[in-house]
Amino acid sequence: MAAARHYTLDFQLSAKADGDAILKGLQSVFEEQAMTETVHSWEDHGYLATYVNKNGSFASLRIYPHGLVLMDVQSYSNDLKGREEIDNLLNKLEERMKELCQGSIGRLKRLPALVRGGKIDKYWPTADGRLVEYDIDEVVYDEDSPYQNIKILHSKQFGNILILSGDVNLAESDLAYTQAIMGSGKEDYTDKEVLILGGGDGGILYEIVKLKPKMVTMVEIDQMVIDGCKKYMRKTCGDVLDNLKGECYQVLIEDCIPVLKRYAKEGRMFDYVINDLTAVPISTSPEEDSTWEFLRLILDLSMKVLKHDGKYFTQGNCINLTEALTLYEEQLSRLYCPVEFSKEIVCVPSYMELWVFYTVWKKTEF
């Protein structure tokens, strides 16, 4: 399947740009490609030139008076010959610019092509808004459930990656995430009662079952996440999702809020509650954001089913989202019971950013 490939070549000059000289100097390069030129100019804002080829590829040249020169080339082709032609064009433009500017180029930047409209989407944003290009080479699974879009994509580095409604959740490489949200190896789960909220990829359940707990209850609302992961994320979940009940665990396909309310009413208590539902919201308006309301409700209900000496584990968000993380910590002071917390910063491979994890426990009263 062909895709549009967008190439960029940027120059930051150390002096003001002579727009007329640059246009004239580059004209022959575009003429060699049989590209038709159209020029727009503004007295105080420089030049915009476009160059169109009969095969549909085109280029734009933007010259700003202060010295920024931007070149963009777009071509709808996936064959090697087409890419080589564009590379040759960019090479010639780069060399001609060096000749024209004669040492006044302070910075030159040429990025890999941005592929748009391809069969495989390789671009996913980080939590703090940076664009990451993953080495995705295969769409393994892509389905819409009643709750969300579920994708599992294969990465050469990270293995299969679970992406829910555009949010990178977990890759087969991300044992660090699972270990961190379980307490980083510092907890003894032997003969303990554990409640997992979410966790449809099965990673947490798989790792805890190894530690001989008394019983693990996992509450996941989306059966299709489980179905996709038990088939395509087996390096993460092993065989624990093959059956909804095992010797020391059970998986409930339910909304966790009614389950938490039911457990609280029944007086059922857990040694550990692990919230793997959602990250701390990026929104910085907790009074107006429904995700914050959901988060506070989960926290309060979780504290009601947590033993006095129990621990609550959850992910936070990217370390760069300091304001959102501070707001989350403020929410912890507003729960029905006083709590204390600690946090840990962990590098999760497929996230390509440092991630914050929280441990929360009920405050001891003297």
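Does region 262-276 contain any residue that is closer than 23 Å to S145 by Cβ and part of a loop (DSSP other than H, G, I, E, B)? So far as region 262-276 goes, no, none of its residues is closer than 23 Å to S145 by Cβ and part of a loop (DSSP other than H, G, I, E, B). Once region 193-252 is narrowed to residues that are in a helix (DSSP H, G or I) and of a type in the set (S, T, N, Q), the residue that is surrounded by the fewest Cβ atoms within 10 Å (Cβ to Cβ) is Q223. Please work out if D188 is under 17 Å from I161 (Cβ atoms) and in the same structural domain as D276 (by TED's automatic domain parsing). It is false that D188 is under 17 Å from I161 (Cβ atoms) and in the same structural domain as D276 (by TED's automatic domain parsing).
Scanning region 332-349 for residues that are assigned by TED's automatic domain parsing to the domain that holds V209, assigned to a strand (DSSP E or B) and either touching a Cys at 6+ places or on another chain (Cβ under 7 Å) or among the polar types (S, T, N, Q) (or both) turns up at least one hit. Taking every residue in region 104-126 that is in a loop (DSSP other than H, G, I, E, B) and pairing it with any residue that is surrounded by 15 or more Cβ atoms within 10 Å (Cβ to Cβ), at least 6 positions away or on another chain, the pairs with Cβ-Cβ distances below 6 Å are S104/L13; G117/A3; G117/A4; G118/A3; I120/I136; K122/Y134; K122/I136; T126/E353. Of all residues in region 347-358, which are open to solvent by 10 Å² or more (accessible area, probe 1.4 Å) and under 17 Å from T326 (Cβ atoms)? Across region 347-358, the qualifying residues are L354, W355. Can you say whether Y177 is touching a helix residue (DSSP H, G or I) at 6+ places or on another chain (Cβ under 9 Å), open to solvent by 30 Å² or more (accessible area, probe 1.4 Å) and not in a loop (DSSP other than H, G, I, E, B), as far as the supplied structure shows? Answer is no for this residue. From the list E133, E99, pick out the single residue that is outside the structural domain of I274 (by TED's automatic domain parsing), of a type outside the set (S, T, Y) and in contact with a helix residue (DSSP H, G or I) (Cβ under 9 Å, 6 or more places away or on another chain). Among E133, E99, only E99 is outside the structural domain of I274 (by TED's automatic domain parsing), of a type outside the set (S, T, Y) and in contact with a helix residue (DSSP H, G or I) (Cβ under 9 Å, 6 or more places away or on another chain). Scanning region 131-146 for residues being farther than 13 Å from V115 by Cα, under 18 Å from the mean Cα position of the chain (by Cα) and of a type in the set (S, T, Y) gives a total of 1.
When we screen V168, V132 for residues that are in a strand (DSSP E or B), modelled with pLDDT under 95 and surrounded by 20 or more Cβ atoms within 10 Å (Cβ to Cβ), the only hit is V168.
Of note, L327 does not satisfy the criterion of being closer than 29 Å to L153 by Cα, open to solvent by less than 70 Å² (accessible area, probe 1.4 Å) and of a type outside the set (K, R).
Scanning region 95-109 for residues that are among the charged types (D, E, K, R) and either crowded, with 16+ Cβ neighbours inside 10 Å or under 22 Å from I136 (Cβ atoms) (or both) gives a single hit, R96.
The values are calculated or read from the model by the stated rules, or taken from the named source; none is laboratory data. This one's a predicted model, so the numbers in the text were calculated from it and none came from an experiment. Please note: Cβ atoms are built from the backbone with ideal geometry, for glycine as well, and neighbour counts cover all protein chains shown. Accessible surface is based on the protein model in full, side chains and every heavy atom, while ligands, DNA and RNA are left aside. Shrake-Rupley method; radii C 1.70, N 1.55, O 1.52, S 1.80 Å.
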